[in-house]
Amino acid sequence: MKFLHTAFQNMKKPFEEGGKFEKYSKVIHGIDAFETLMFTPDEVTHTGAHIRDGIDLKRTMSIVILAMLPCLLFGMYNAGYQHFLQLGVDASFWEMFQIGLIKILPLVVVSYGVGLGIEFGFAMYKGHSIEEGYLVTGMLIPLIVPIDIPLWMLAVAVAFSVVFAKEVFGGTGMNIMNVALTTRAFLFFAYPTFMSGDKIWVHEGMTNDAISGATILGDLSGMKGGLESLRFTAEDMFIGLIPGSVGETSVLAILIGAAILLITGIGSWRIMLSAVIGGGTMGLIFNAFGANGLMQFDWWQHMLVGGFAFGVVFMATDPVTAAQTNKGKWIYGFLIGFMAIMIRVFNPAYPEGIMLAILFMNVMAPLIDHYVVEGNIKKRLKRMAVKTATAN
Amino acid sequence: MSKDIKIKKGLNIPLKGEADKVLGTAQRSETFVVKPTDFKNFTPKLLVKEGDEVLAGSPLFFNKEYPDVKIGSPVSGEVVEITRGAKRKILGIKILGDKDTRYTEFAAANAASMSGEEVKQRLLDQCLWAYIKRRPYGTVARPEDKPLAIYVSGFDSAPLAGDNDYILHGKEKEFQVGLDVLKQLTDGKVHVNLHRELNTDAVFKDAKGVQINWVSGPHPSGNVGVQIHHIQPLNKGEVVFTVAAQDVALIGSAFLTGKYDASRLVAVGGSSLKSPKYFKTIQGASLSTLLDGNVEGDNNRIISGNVLTGTKVSADGYLGFFSKEVNVIPEGNEAKFFLTEGWAGLGLSKYSASRSYFSWLMLGKKYGLDTNTNGEPRALVVTGEYESVFPMDIYPQHLLKAIMIGDIELMENLGIYEVDEEDFALCEYVCTSKTAVQQIVREGLELIEQECG
C-alpha cells in the first residue's frame, strides 16, 4: 500500500510551502481527509502518555454507522413491503427490496453529498482538518424522513442544519442540537405536508389513492373508542412491518444496533436505560387515565411504535448534545423518554414526540450538567468550610 | 486507623515486556547527567561550572525561588559539560564519574533525637530535600511548607512499573529510618499505602510509626494523588508532602551512613527489549549502559520513567532524577493502512479500553503497543471516557475545559489542587480525540501556582 501513501503525499506537494499552488494551501485539509481515511497517520506521541488507545473518532463513528445498517437494510425491505401490502399485490423479496433501494439510496447520497460538501467547504475555508461527525449524521438523516420526501427538500434541510446547527457553533463537537434532528425539525416545520399526515409514510401514498400511509400513532390519535380497529399486532410493531419513517420502524433492527453500541461501549447505556424508564413511567401514567386511544395504548407498546426506539438508541445518545456527566445522563435520558410519550399524547398537531423531546433536552442538557457539576463544587466548598470551622 | 480504599475506575493496560525479577549487571556508566528539567516549575541557578570537581552529594544547582533547595550530584567526579538549550536554558549538567565514589561528609544522624527544624536543615544541607514533593502542584516541596500529612505509595500500579517489593526487599532499616525522618516534618501522620491484593514485602508491612492504608483496584490506584483524595482530600490552602518509596529508603540510608547514595534499582522493560529485567545503577547514569545489546531493532522510543508519564530520551540519554524505570517500546512512525492496521480493521493487535476492536475478546493477551497516536487530534466528542478511568470525585473533562479557558476560580472549584498531571495520564491514554491532557493539566497547575502561590 506504500504506492497509495506516496500518491497522497505527491498530491499534497503542490499545495505545500514553496509549491506551485502554495496560496491554496488549505486544500491540503481536503486531501488530508481522504488520506487519513485510508491511512492512520504516522503521527507519534511526544510528551505525556507515550502510548495511546487504539480507538479514534473514525472508529467510533464507523461503529455507529455499522449499528445503523440493520435499520437501513430493514427500511429498504419494509419500504417495498408496505407499498405492495397496501396495493394488495404479491411481490418477491427482491421486488420489495428494490423499491427501497431505488428510493432510499438517493436519500443517502443527497444527505452525504450536501452535508459533507458543506463540511469540506467550511474546513478548508477555516483551515482545519475535516472531522468525522457528519458521517453519522449523514446516515441518520435518511433513516428519519418519510420515503417520498423530495430530494431537493432534503438537500435544503441538510444545508440549513449543517450550517446553522453545527458550523456556526464551531463544527463537530461544538453543536448544541443534534444535527440530524434539526434537519428533521426543519423539514417538519417548513414542509409539513410532506412530513406528517396519513398519506406520506408509504411509497406512492400521496399519488395513489389505493394506499393509505397512516402510521399507528396517526390511527391512534384519531381514534375515539377502543383499540380493536388497530391494523397491526405488537409483533408487527416489534419486527417493524409497519408504516413509518425509513429506518425507524423495526425495533428488532434497532435493538441489534443498540447491542453493537452497548457492547463496544460507544453508546451510553445510562441514557438508553433511563429513557426507557422515563417513557415507561409516562406510559403507565397515561394508561391509568386511558381517556383516548393514545392513552389506552399499552405503555410498552408505546415504545415499539413511532420513532421512540430509534431516537433513544441513536439520537439521545449523541455525546455532543447529550448531558456529559454520568448523573446528568440519567436525568437527561429519563426526561427524554418521559416527554416523548407526553408530547405524543398531548400534541394535537402531530402524533410523535421523540424528535421534539430530544431537541428540547439537547437545549436543556447544559443546564442539567451545570447543576450536577455545581453539586460537586458545593461539596468541595462545604468540605473546606467544615475544615476551617473545626480548625478555629 | 487504617483506611480501606476500593478503586473501581481505572485501567491496567496489558503491556508486553514486564521486567523479570532478575538483577542484570550493568556496566558502570562513565558519565552522569543531572537534568534540571526533571523538576517542575523550577528555575535552576548553577553552583558549579565546567571543570569543577564534585563529590557525591555536592550541590550542583539550586532553585531560584527557594535557594535552600539544592540538587546534589549523584557521583563524584568532574563537571565536564553544561548543556544549554534555547534562551540558554540549562538542560543538563554532565559529570565524568570517578571510579570510586567519594561522598560529602555528614555524620550519621538519628532523626528521633532531632527536632523538626534540625531534620529539615539536614535534608536541605545534604541535598535530600529535592526528593520530597508537595501537593498541590506536584513540585519539589518548599522549605516553609507545613504539611498536613506525608504520603508514601508503597506500590506503583503504572504499566511496566518496577515492583517496590522486589526493589526494597531487605532494606527494612533504611526504609524505616526514612519514615522516621519524614515523621519529624509534619504534625500529622505519615501514610504508607499498600495494595491489598498484591504481595507486600516485610519492608512495608513492618513499618512502624505510620498509618498503613490498604488500596485495591486497577491503575491509578498506586498514584499517590488518588490515595490522598480518598484518605483526606486536599482543600485550597492545604499542603501535603509525597515521597516515592525508593526515595524514602534513600533518605534513610543518608541518615544512617551520612552518605548521599544515589544508586537505585531500575526496572528496564518494554516490548522492544530482548530480556527485560532489573538493573542496579545510579541516578543520572547513561542509558546505554542499561540498554546496549538488549534492544531489538533501531526504531524505538526510549522512555525514562513509565510509558504513561515518562520523558522521551535519546539512545545516548540519561536516567532521570525521579525515574524508577526505563521503558523501550517501538516507535509508531509509520502510516497504517485503514483495513489492515487502521481504523477499519479487526484490530486484533490493537488494545482499546473500549470494546471497539475485536481484541477485547482475547482475554489475557498482552500487547506491544507503539507510540503511534492511532488517530488525529479532534474536538472533544466522546463523554464519560475520562470518568471511567479517573477514580476521584472530580469531573475530569469539566476541569480540563476550565483549564483550557483559563478560568482560575472554576479550576479551584473543580478541584485542581487535588490533582497532578500523572493522575490524568489514563485520561490522555483513552482519549478518542487524542487531546494532550497531561500537558493541559500541567499548564493549569502552573497558571494556578503563578496566580495563587
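Restricting attention to segment B:340-384, which residues are under 28 Å from A:H128 (Cα atoms) and more than 9 Å from chain A (Cβ to nearest Cβ)?
Across segment B:340-384, the qualifying residue is only B:G345.
Which of the helices (runs of 4 or more DSSP H) found entirely inside segment A:235-308 contain at least 2 residues meeting this: within 14 Å of chain B (Cβ to nearest Cβ)? Give the steps one after another, and end with the answer.
Numbers: elements: A:251-264, A:269-289, A:293-296, A:299-302.
Of the helices (runs of 4 or more DSSP H) lying wholly inside segment A:235-308, those with at least 2 residues that are within 14 Å of chain B (Cβ to nearest Cβ) span A:251-264, A:269-289.
A quick yes/no check of all residues on (1) touching a Leu at 6+ places or on another chain (Cβ under 6 Å); (2) of a type in the set (F, W, Y); (3) at pLDDT below 90:
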{"residue": "A:M1", "(1), (2), (3)": "no, no, yes"}
{"residue": "A:A7", "(1), (2), (3)": "no, no, yes"}
{"residue": "A:P14", "(1), (2), (3)": "no, no, yes"}
{"residue": "A:P41", "(1), (2), (3)": "no, no, yes"}
{"residue": "A:H46", "(1), (2), (3)": "no, no, yes"}
{"residue": "A:L73", "(1), (2), (3)": "no, no, no"}
{"residue": "A:F84", "(1), (2), (3)": "no, yes, no"}
{"residue": "A:G88", "(1), (2), (3)": "no, no, yes"}
{"residue": "A:M96", "(1), (2), (3)": "no, no, no"}
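Criterion first (away from every other protein chain (no Cβ under 14 Å), surrounded by 24 or more Cβ atoms within 10 Å (Cβ to Cβ) and touching a Gly at 6+ places or on another chain (Cβ under 6 Å)) does A:G337 satisfy it?
It is true that A:G337 is away from every other protein chain (no Cβ under 14 Å), surrounded by 24 or more Cβ atoms within 10 Å (Cβ to Cβ) and touching a Gly at 6+ places or on another chain (Cβ under 6 Å).
Could you list all residues from segment A:12-31 that are surrounded by 14 or more Cβ atoms within 10 Å (Cβ to Cβ) and not in a helix (DSSP H, G or I)?
Within segment A:12-31, A:G19, A:S25, A:K26 meet the criteria.
Which of the residues belonging to segment A:166-189 are crowded, with 23+ Cβ neighbours inside 10 Å, over 14 Å from the mean Cα position of the chain (by Cα) and more than 14 Å from every other protein chain (Cβ to nearest Cβ)?
Within segment A:166-189, A:L187 is the sole residue that qualifies.
Report every pair of residues separated by at least 6 positions or lying on different chains whose Cβ atoms are under 6 Å apart, first residue within segment A:50-62 and more than 7 Å from every other protein chain (Cβ to nearest Cβ), second of a type outside the set (G, A, S) and assigned to a helix (DSSP H, G or I).
Every condition considered, the pairs that remain are A:M61/A:L135; A:M61/A:V136.
Quick check, is A:G88 more than 14 Å from chain B (Cβ to nearest Cβ), out of contact with any helix residue (DSSP H, G or I) (no Cβ under 9 Å at 6 or more places or on another chain) and surrounded by fewer than 16 Cβ atoms within 10 Å (Cβ to Cβ)? Steps first, answer last, please.
Details: more than 14 Å from chain B (Cβ to nearest Cβ): yes; out of contact with any helix residue (DSSP H, G or I) (no Cβ under 9 Å at 6 or more places or on another chain): yes; surrounded by fewer than 16 Cβ atoms within 10 Å (Cβ to Cβ): yes.
So A:G88 fits the description; yes.
Would you mind telling me which numbered condition in (1) more than 7 Å from every other protein chain (Cβ to nearest Cβ); (2) not acidic (D, E); (3) not in a loop (DSSP other than H, G, I, E, B) B:H398 fails?
(1)
Could you tell me which residue of segment A:190-215 is farthest from the other protein chains (Cβ to nearest Cβ), considering only residues that are surrounded by fewer than 17 Cβ atoms within 10 Å (Cβ to Cβ) and either touching a Ser or Thr at 6+ places or on another chain (Cβ under 7 Å) or β-branched (V, I, T) (or both)?
A:T207
Go through segment A:3-21 and count every residue that is within 14 Å of chain B (Cβ to nearest Cβ) and either among the aliphatic types (A, V, I, L, M) or over 23 Å from B:F337 (Cα atoms) (or both).
Adding up the residues that qualify gives 2.
Filter segment B:401-423 for residues that are assigned to a helix (DSSP H, G or I), under 21 Å from B:P233 (Cα atoms) and more than 18 Å from the chain's Cα centre (by Cα) and give the result. Show your work before the answer.
Restricting attention to segment B:401-423, the residues satisfying the condition of being assigned to a helix (DSSP H, G or I) are B:401-404, B:408-413, B:416-418, B:421-423.
Filter once more, keeping what is under 21 Å from B:P233 (Cα atoms): B:402-403, B:408-413, B:416-418, B:421-423.
If the condition is that a residue be assigned to a helix (DSSP H, G or I), under 21 Å from B:P233 (Cα atoms) and more than 18 Å from the chain's Cα centre (by Cα), then B:A402, B:I403, B:I408, B:E409, B:L410, B:M411, B:E412, B:N413, B:I416, B:Y417 are the ones that fit.
Yes/no per residue for (1) closer than 22 Å to B:K94 by Cα; (2) among the aromatic types (F, W, Y); (3) modelled with pLDDT of 90 or more:
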position	(1), (2), (3)
B:T281	yes, no, yes
B:F322	yes, yes, yes
B:V326	yes, no, yes
B:K365	no, no, yes
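How many residues does segment B:367-379 contain that are crowded, with 20+ Cβ neighbours inside 10 Å, out of contact with any helix residue (DSSP H, G or I) (no Cβ under 7 Å at 6 or more places or on another chain) and not hydroxyl-bearing (S, T, Y)?
4
Considering A:F34, A:F3, A:F8, which residue is in contact with an Asp or Glu (Cβ under 7 Å, 6 or more places away or on another chain) and either part of a helix (DSSP H, G or I) or crowded, with 19+ Cβ neighbours inside 10 Å (or both)?
Numbers: A:F34 fails: in contact with an Asp or Glu (Cβ under 7 Å, 6 or more places away or on another chain); A:F3 fails: in contact with an Asp or Glu (Cβ under 7 Å, 6 or more places away or on another chain).
Of A:F34, A:F3, A:F8, the one residue that is in contact with an Asp or Glu (Cβ under 7 Å, 6 or more places away or on another chain) and either part of a helix (DSSP H, G or I) or crowded, with 19+ Cβ neighbours inside 10 Å (or both) is A:F8.
If a residue must be buried (at least 23 other Cβ atoms within 10 Å of the Cβ), within 13 Å of chain A (Cβ to nearest Cβ) and either in contact with a Phe, Trp or Tyr (Cβ under 8 Å, 6 or more places away or on another chain) or closer than 30 Å to A:K2 by Cβ (or both), how many such residues does segment B:300-334 contain?
Of the residues in that region, 11 qualify.
If we keep just the residues of segment A:53-76 that are more than 17 Å from A:M139 (Cα to Cα) and either in contact with a helix residue (DSSP H, G or I) (Cβ under 6 Å, 6 or more places away or on another chain) or among the hydrophobic types (A, V, I, L, M, F, W, C) (or both), which is surrounded by the most Cβ atoms within 10 Å (Cβ to Cβ)?
As a first pass, look at segment A:53-76 and keep what is more than 17 Å from A:M139 (Cα to Cα): A:53-56.
Those still in the list that are either in contact with a helix residue (DSSP H, G or I) (Cβ under 6 Å, 6 or more places away or on another chain) or among the hydrophobic types (A, V, I, L, M, F, W, C) (or both) too: A:53, A:55.
Numbers: A:D53: 28, A:I55: 30.
Among those residues, the one meeting the criterion is A:I55.
Go through segment B:109-136 residue by residue and tally those that are touching a strand residue (DSSP E or B) at 6+ places or on another chain (Cβ under 9 Å) and hydroxyl-bearing (S, T, Y).
1
Would you point out the residue of segment B:429-445, among those that are farther than 13 Å from B:I403 by Cβ, surrounded by fewer than 24 Cβ atoms within 10 Å (Cβ to Cβ) and not basic (K, R), that is farthest from the other protein chains (Cβ to nearest Cβ)? Quick ask: steps written out before the conclusion?
As a first pass, look at segment B:429-445 and keep what is farther than 13 Å from B:I403 by Cβ: B:429-434.
Checking which are surrounded by fewer than 24 Cβ atoms within 10 Å (Cβ to Cβ) leaves us with B:430, B:433-434.
Okay, now just the ones that are also not basic (K, R), so B:430, B:433.
Numbers: B:V430: 5, B:S433: 7 Å.
Once the filter is applied, the top-ranked residue is B:S433.
Quick check on my filter: what residues within segment B:7-48 are basic (K, R), farther than 28 Å from B:I71 by Cβ and either out of contact with any helix residue (DSSP H, G or I) (no Cβ under 9 Å at 6 or more places or on another chain) or free of Cβ contacts under 8 Å to residues at least 24 places away in the same chain (or both)?
B:K8, B:K16
Quick one: in segment B:150-166, which of the residues that are touching a helix residue (DSSP H, G or I) at 6+ places or on another chain (Cβ under 8 Å) and over 21 Å from B:A425 (Cβ atoms) is surrounded by the most Cβ atoms within 10 Å (Cβ to Cβ)?
So, considering only residues that are touching a helix residue (DSSP H, G or I) at 6+ places or on another chain (Cβ under 8 Å) and over 21 Å from B:A425 (Cβ atoms), the one surrounded by the most Cβ atoms within 10 Å (Cβ to Cβ) is B:I150.
Give me a count of the residues in segment B:110-133 that are assigned to a helix (DSSP H, G or I) and surrounded by 15 or more Cβ atoms within 10 Å (Cβ to Cβ). Full working, then the answer.
Within segment B:110-133, the first condition is being assigned to a helix (DSSP H, G or I), and the residues that meet it are B:111-113, B:116-125, B:129-131.
Narrowing further to those that are surrounded by 15 or more Cβ atoms within 10 Å (Cβ to Cβ): B:111, B:119-125, B:129-131.
Total meeting the criteria: 11.
Condition check: more than 7 Å from every other protein chain (Cβ to nearest Cβ), surrounded by fewer than 24 Cβ atoms within 10 Å (Cβ to Cβ) and not in a loop (DSSP other than H, G, I, E, B). Does B:L426 satisfy that? Spell out the reasoning first.
Values: more than 7 Å from every other protein chain (Cβ to nearest Cβ): yes; surrounded by fewer than 24 Cβ atoms within 10 Å (Cβ to Cβ): no; not in a loop (DSSP other than H, G, I, E, B): yes.
Criteria not met by B:L426.
Looking for whichever is in contact (Cβ under 8 Å) with a residue 12 or more places away in the chain, buried (at least 20 other Cβ atoms within 10 Å of the Cβ), within 22 Å of A:I200 (Cα to Cα) and in the same structural domain as A:T137 (by TED's automatic domain parsing) here; the options are A:F232, A:F297, A:F308. Which one fits? So that I can check it myself, show each step before the final result.
Working: A:F232 fails: buried (at least 20 other Cβ atoms within 10 Å of the Cβ); A:F297 fails: within 22 Å of A:I200 (Cα to Cα).
From the options A:F232, A:F297, A:F308, the qualifying one is A:F308.
Take A:I104 and decide whether it is crowded, with 16+ Cβ neighbours inside 10 Å, within 14 Å of chain B (Cβ to nearest Cβ) and more than 22 Å from A:P319 (Cα to Cα). First the steps, then the outcome.
Working: crowded, with 16+ Cβ neighbours inside 10 Å: yes; within 14 Å of chain B (Cβ to nearest Cβ): no; more than 22 Å from A:P319 (Cα to Cα): yes.
So A:I104 fails the test.
Those residues that are over 27 Å from A:K166 (Cα atoms) and within 11 Å of another protein chain (Cβ to nearest Cβ), I need them from segment A:340-373; list them, please.
none
The values are calculated or read from the model by the stated rules, or taken from the named source; none is laboratory data. This is a predicted model, so every value here is computed, not measured. Virtual Cβ from ideal backbone geometry, glycine too; neighbours counted across all protein chains shown.
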